[in-house]
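Working notes, beginning with the structure itself.
The values are calculated or read from the model by the stated rules, or taken from the named source; none is laboratory data. Bear in mind that the values here come from a model prediction, so they are computed numbers and not experimental data. Quick reminder, even Gly has a Cβ in these numbers, built from the backbone with ideal geometry, and neighbours come from all protein chains shown. Please note that ligands, DNA and RNA were not included when accessible areas were found on the heavy atoms of the full protein model with its side chains. Shrake-Rupley method; radii C 1.70, N 1.55, O 1.52, S 1.80 Å.
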Amino acid sequence: AYSGSASLLGCVLGVSAGSVIFPSAIWQGYSIMYNFASRIQLTFQWPLCAVIVCSYTGCMLAVTWFCCRRELAEVPAELIRPKSPKAGRRVFLEYITPLWRRLSFLHKVSIRNVLRYRSRLIMMVLGIGGCTALLVTGFGLRDSIKSVVDDQYAEITLFDYNVAFQDPQTEESVADYLAECGWERDDALLVHNGSVDVVHNGNSKSVNLVVSASNDLEGFISLHSGEREISYPGSGEIVVNVGLAENMGISVGDTLELRDDDAGSMTVTVSDICDNYVFNYVYVSPDTYREQLNTEPEYKNLYLLAHEGADPYQEGALLAEDDDVSNVTINEATRTQVDNMLTRMDYIVLVVVVCAGALAFIVLYNLTNINITERIREIATIEVLGFYQNEVASYVFREIFMLSALGSIVGLAMGKGLHAFVMAQVQIDSMFFPCWIAPLSYLYALALTLLFTLVIFLALKPRLRKVNMAESLKSIE
């Protein structure tokens, strides 16, 4: 009854939170892709809720039955008597003689106690490790997502304006346009920018096609993979971005078909895969376009660098004054818009961190409380022997801190794997999120886990002061 009622109450709270709080947070995350016209409408999936409640409560009752069955197999006289402590054994640190000799007696006792109770050790390591893993995943999500904007618009997309013309342009017409607007010719790159369907292994996806009139993108778009620079593709070759490659299973050396509803199709070989995080781009040379489609690329776009210290919006307005200009895209505005959308992912990160904190508090509080209860006579004994309050607290909680530190270290490795799994699930078609965790995030996760341990220590320390030595030692009588 005790276990079942607690499980049912927990399931009610969990189902309510899972049906209201989590969907609301995930809704904010999906707002990155979609501009929702209406507010979220929450519904309860009653069959799913019933399965969750029954399975969870069933597991708790099964564990309770197993424990009760083992205890009730004893005769009443044995149950009344205190259990003998588990026999200690040599631990692996004792074989490291120089280290073991330098440890104090109480530290040796704590280490032996930690390794003596295997079930408690496993529970603590898995519980605290799960907490740390969730924290690493939460902070890793933020690192992977927030780095996208800076990497895209500081390391990859180097030009500041994309000027779209109504009619195809030539080198002469572009030079005249730049002279009227006050730009040098070296500050601009004429490109063909269109949309094509990439076909590979029966799958098709619409992407942006870029063809540079100068057969190069240097200074305007950085083609690279990590620290490795990538050359502009030659005749019959194509460079694709990493998000498209992972989504369609494309590798270097594969043959792709590019379909243009108006111009026809091209068959090209993947020469390399470049980094790109916002939208999908493929790059081919003018020779490839000309040879396979038997037509010249229509150069209707101009990539342009901003003047140093100039207001991008004022310069964008100046560039749009020409009658032949249909649109001017300001990368600073796009960067701000994408950054604002990605900020909504903080809701999901917050939910993960809160859940991790709740898990840590529950695991630490329960195990620490049980530890104190089971060792109440031991605590009373060392107080009778003359231990001060701080020494008693240090003796009792030293094991908890050791287990927390061990669980946190295990949790860092667990978190890396969990983060990789989560990142594989949150990938969206129009954006690519790198699976990356900043070193500082590992430190934050470790520090927060140990902070939760410290809070539990401060919360339960007053209980040690209330231990009645005489009553505790007479409790068995």
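Odds and ends about this structure:
- Under the condition of being touching a residue at least 40 places away in the same chain (Cβ under 8 Å) and loosely packed, with under 15 Cβ neighbours inside 10 Å, the residues counted in segment 330-342 number 1.
- Note on segment 1-32: residues that are aliphatic (A, V, I, L, M), at pLDDT 90 or above and either in a helix (DSSP H, G or I) or surrounded by 13 or more Cβ atoms within 10 Å (Cβ to Cβ) (or both) total 3.
- Filter pass, residue 306 being in a loop (DSSP other than H, G, I, E, B), surrounded by fewer than 21 Cβ atoms within 10 Å (Cβ to Cβ) and free of Cβ contacts under 8 Å to residues at least 60 places away in the same chain: no
- When the helices (runs of 4 or more DSSP H) confined to segment 78-180 are screened for residues that are surrounded by 14 or more Cβ atoms within 10 Å (Cβ to Cβ) and at pLDDT below 90, those reaching at least 2 such residues are found at 105-116, 118-150.
- Of the helices (runs of 4 or more DSSP H) lying entirely inside segment 380-476, the ones with 2 or more residues being closer than 21 Å to residue 367 by Cα and open to solvent by less than 50 Å² (accessible area, probe 1.4 Å) are found at 389-426, 439-465.
- Pair list, Cβ under 6 Å, 6 or more apart: segment 436-447 residue farther than 17 Å from residue 131 by Cα, other residue open to solvent by less than 60 Å² (accessible area, probe 1.4 Å) and part of a helix (DSSP H, G or I): 436/143; 436/144; 438/143
- Flag if residue 270 is of a type outside the set (Phe, Trp, Tyr), farther than 12 Å from residue 210 by Cα and surrounded by 19 or more Cβ atoms within 10 Å (Cβ to Cβ): yes
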